[in-house]
Structures are given as structure tokens and as C-alpha cells.
1. Name the most mobile residue of H102, H27, H125, meaning the one with the largest mean-square fluctuation, in a Gaussian network model of the chain with Cα contacts below 10 Å.
2. Residues with amide H under 5 Å of G54's amide H, sequence separation 5 or more or different chain, H placed in the peptide plane at 1.01 Å from N; which?
3. How much net charge surrounds A77 when only other residues with a Cβ under 12 Å from its Cβ are counted (Lys, Arg +1; Asp, Glu -1)?
4. Can you give the FRET efficiency for V21 and L123, using 1/(1 + (r/R0)^6), R0 = 35 Å, r = Cβ-Cβ distance, to the nearest 0.05?
5. For the stretch 103-109, take each phi angle, set θ = phi - 60°, evaluate the Karplus expression 6.51 cos²θ - 1.76 cosθ + 1.60, and give the result in whole Hz per residue in order, putting x for glycine and proline.
6. What is the magnitude of the charge dipole of the stretch 34-123 about its Cα centre, with +1 placed on the Cβ of each Lys and Arg, -1 on the Cβ of each Asp and Glu, and no other charges, expressed in debye to the nearest 20?
7. Report, as a whole number in µm² per second, the diffusion coefficient that Stokes-Einstein gives for the stretch 34-123 at 25 °C and 0.890 mPa s using the Kirkwood radius over alpha carbon pairs.
8. Taking a cut-off of 13 Å between Cα atoms, list the aspartates and glutamates near K11, but don't count ones fewer than 8 places away on the same chain.
Amino acid sequence: DLTVLTHDEAKAALRQCGRTVRLTVQHGRGPMPEAELYDFEVIELGKKPSRGFGFSIVGRTRDEGVLVSDIIRGGAAEGDGRLQPGDRLLELNGCNVRLLPHVEVATRLKAAQGRISMLVGRLKHVSAASRAKRRPGF
């Protein structure tokens, strides 16, 4: 049962199966609740003159949502150190942006003055890998 494994554990299990694998796929489960998909973090960043908040975004083509695509060197996001490529923007200054198109989220970010508070979601398997990389001695 792969549903109880992390992404990396499932990949490792599938690689151990040999040349032929028989999978049973379950359909109709419906979307997973956000709390099962993401670890949440509130990140506040200050806008640097002519540099913005120091990250780029991209809209998802097959699903709703806007993701962080890049952290800009020397920008506010890099200086803060918490925002990562792949993080999903969920709220900007307390406003839900989960279903907004990329262009609307970009407009809100460009129009923001001073500091911005963002609620971001990071896929749980990515969060676990990030924590493991930060452990001293590993």
C-alpha cells in the first residue's frame, strides 16, 4: 500500500520491484484536504526598491494555484531563507489567492508596498526532505 508512504519511500519501493510492476490505482477519492498535502508557513518579506520581494511565480496549467518558481539572488526572499521554489502561495496579506490566476497574483505582488505577509504551502514530502538537509552532521 503506497498511500501510507512518502513520495521518496514510494519511489524506492517501486524501484525494488524489478522489471515488471502491477499497480492497482484507486480513482474517485476526491481531492486531498490541504492539511494532508501541505506544511504551512507564514512568511513576511519587505519589498526592496526596484527588486521586488525577490522571487518569481508561475501559474499551474492543469490545476489552480500559483507556485514560487525561482528565488532571486540577493533578494528579500533569499535573505529570509524560508521561501522555496515549489511553494504554493495560498494567501497574500490575509486574502485567499488559492483560485486566482497567475496574472492577478502577480498584479497584487507588484502593487504591494512595504511588507507582505504570505501563507505558503509546501508539499509534505518536500518539507521532510528540506528538514533532513538542514540537520547538522548529515
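1. Between H102, H27, H125, it is H27 that shows the largest mean-square fluctuation.
2. Long-range HN contacts for G54: A76, A77.
3. Within the 12 Å Cβ shell, the charges total 0.
4. For R0 = 35 Å, the calculated efficiency reads 0.90.
5. Using θ = phi - 60°, the values come out as 4, 5, 5, 4, 4, 5, 5 Hz.
6. The dipole magnitude comes to about 460 debye.
7. Answer from the Stokes-Einstein relation: 189 µm²/s.
8. D1
Just so you know, all these numbers are worked out from the coordinates, no wet-lab data involved. Quick caveat, the model's predicted, so the values are computed rather than measured. Glycine also receives a Cβ, built like all others from the backbone with ideal geometry; neighbour counts cover every protein chain displayed.
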